[in-house]
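A short worksheet on the structure shown next.
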Amino acid sequence: MLVTFSTDNYPNITLFGDDALAMLKMMGHSATVPGSIRAEDVSHALNLLTSSLAADKALPKVAAKNDEEPVVSAAHRGMPLVELLTAAVKANDYVMWNESTFIK
């Protein structure tokens, strides 16, 4: 599953399902897809996400399953979503997310 986050004033962000659901929980939301955050609540969700990502960044690194692949932290994976939320706060806009389909 892929999850696409959108707001009117920023390009859409698509994340793998597990990462998206984890970040939704970090923002204080259930792992329900589709969903949305009202404009007045986006700032709070952003604060929760950035705090959770900072705490995760402080944890020791976990070895990758495949030694040839680098470990990508949650903080790195979450940066595009942080940027989308920041743009939504600046524009006083809502954020939505939906399940996406992969088209070949």
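One table, with the values for the structure above:
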item: Largest to smallest accessible area among 5, 16 [probe 1.4 Å]; result: 16, 5
item: List 90, 25, ordered by accessible area with a 1.4 Å probe, largest first; result: 90, 25
item: Amide H partners (placed H, <5 Å) of residue 100, local residues excluded; result: 2, 3, 4
item: Dipole moment magnitude, nearest 20 debye, the chain about Cα centre, only Lys, Arg, Asp, Glu C-beta charged; result: 100 debye
item: Cut-off 14 Å between beta-carbons: net charge of the residues surrounding residue 94, Lys and Arg +1, Asp and Glu -1; result: -2
item: Measure of compaction for the chain (Cα Rg per 2.2 N^0.38 Å); result: 1.09
item: In sequence order, calculated HN-Hα J values of the stretch 29-40 (Karplus, 6.51, -1.76, 1.60; Hz; x Gly/Pro); result: 10, 6, 8, 8, 10, x, x, 7, 10, 5, 3, 6
item: Positive-end residue of 36, 84, 49, charge dipole of the chain with Cβ unit charges; result: 49
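The values are calculated or read from the model by the stated rules, or taken from the named source; none is laboratory data. Computed from a predicted model, the values in this text were never measured in an experiment. As a convention, Cβ positions derive from the backbone with ideal geometry for all residues, glycine included, and neighbour counts pool all protein chains shown. Quick note on the areas: whole protein, heavy atoms, side chains included, nothing else; ligands and nucleic acids left out. Shrake-Rupley method; radii C 1.70, N 1.55, O 1.52, S 1.80 Å.
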